[in-house]
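Remarks on the structure that follows.
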Amino acid sequence: MKYLLILITLISSIANIQAQEDVKGSQDYHLLPRMPEYRISQYKEFEFDSQSFHHGKNTYEIEGKKIVISYNYEGDRNNTPSVLQILRNYSNAIIKAGGKILTKRTSQAYYNFNTVDKKEIWVKVDVRNNGDWYKITIVEKEEMTQDINIDANLIKNQIDINGKIAIYGIYFDTGKSSIKKESVPALIQIAKYLKNNPMISCWLVGHTDNDGSYELNKGLSLERAQEVKKELEQKYNIEVTRLFAEGVGPLSPVSSNGTEEGKKSNRRVELVKK
């Protein structure tokens, strides 16, 4: 019995040590240390993504490197920090760093600040279960670097093989249809493909993720396709009889809408051979 108790105690101690460990591959954000006696239970890092931040009645969609860190309390349950204590700690730390509180609610707060090297940081803190768990979402604001170079030859190859190609180089502000200047390289290549293949006519089909209502997404996807059509016709001299705009909203996803990466893949414009 004595040895059994020692073994149980040893197993319990090992379990407690393991319970304190952070999830593999995780780390604190270097400018925002965690509250004492919390461990990282979930960690996600995206080289480029977006996040909504509220400032009074305004909402800003901020893009850049995104880091999401969830913390679980592992200390004495009688001493769990309160929601107010957690939010107040982060508020004080960010204000001390020269930042500001954008919006503060009962269990949630939004902040932004600039680093010494002028990088713009946006932060969202969510606290749940009376302080047992909290999550911080950080976005280091920056423009996206285009990783995949869309060119006329790639467009031709994909349309010859599949009858369509998804274009991820055309960018819009969240909830809007106006085309951003970063889209110019992709538009140039689409126009080049169309001019090199004068007998081809195409549908421009707008797609969205499933955030928001179906009606809103359906209308937005059509408006975006129409804007691309107009841009190609008016600025790149593509005949109006060769392009046809349509929007299908969230009806044809290429990935799960259950993740941010999946949603990003679903937001696209496709060039489809008619």
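Set Lys and Arg Cβ to +1 and Asp and Glu Cβ to -1, take the dipole of the range 24-141 about its Cα centre, and tell me which of Val68, Pro81, Met35 lies farthest positive.
Of the listed residues, the answer is Pro81.
Where a Cα-Cα gap under 16 Å defines reach, which lysines qualify for Lys156, not counting those fewer than 8 residues away within the same chain?
Lys164, Lys192, Lys195, Lys273, Lys274
Could you order peptides 206-213, 114-121 by the average number of other Cβ atoms within 10 Å of their residues, highest first?
Put in order of decreasing packing, that is 206-213, 114-121.
Within 10 Å of each candidate Cβ there may be at most 14 other Cβ atoms; applying that plus a DSSP loop requirement, which trypsin sites (Lys or Arg not before Pro) in the range 57-117 survive?
Sites meeting the loop and neighbour criteria: Lys57, Arg105.
With springs only between Cα atoms under 10 Å apart, run a GNM on the chain and tell me which of Glu215, Glu260, Glu61 wobbles the most.
Comparing Glu215, Glu260, Glu61 in a Gaussian network model of the chain, the most mobile one is Glu215.
May I ask you to list the residues of the range 24-41 whose amide nitrogen lies under 11 Å from a point 7 Å from Cα along the Cα→beta-carbon direction of Trp133?
Residues passing the 11 Å test: 41.
With r defined as the distance between the Cβ atoms of Glu21 and Lys164 and R0 fixed at 51 Å, what FRET efficiency is calculated, to the nearest 0.05?
0.65
Out of residues 5 or more away from Ile167 or on other chains, whose amide H comes under 5 Å of its own, with H placed 1.01 Å from N in the peptide plane?
Close amide H contacts, sequence-distant or interchain: Val269, Glu270, Leu271.
Between helix 214-236 and the chain, what is the angle of the helix's C-alpha long axis to the longest principal axis, kept within 0 to 90° and rounded to the nearest 10?
Relative to the chain, helix 214-236 is tipped by roughly 50 degrees.
Taking the simple approach of a point 7 Å from Cα along Cα-to-Cβ for both Ser82 and Lys235, what is their distance in nm?
5.4 nm
Taking the Cβ of Ile95 as the center, what net charge do the other residues with Cβ under 13 Å away carry, scoring Lys and Arg +1 and Asp and Glu -1?
After counting each charged neighbour, the total is +4.
Every number here is computed from the coordinates shown, using simple stated rules; none is lab data. Because the structure is a prediction, the values reported are computed rather than measured. So basically every Cβ, Gly included, is an ideal-geometry build from the backbone, and we count neighbours across all protein chains shown.
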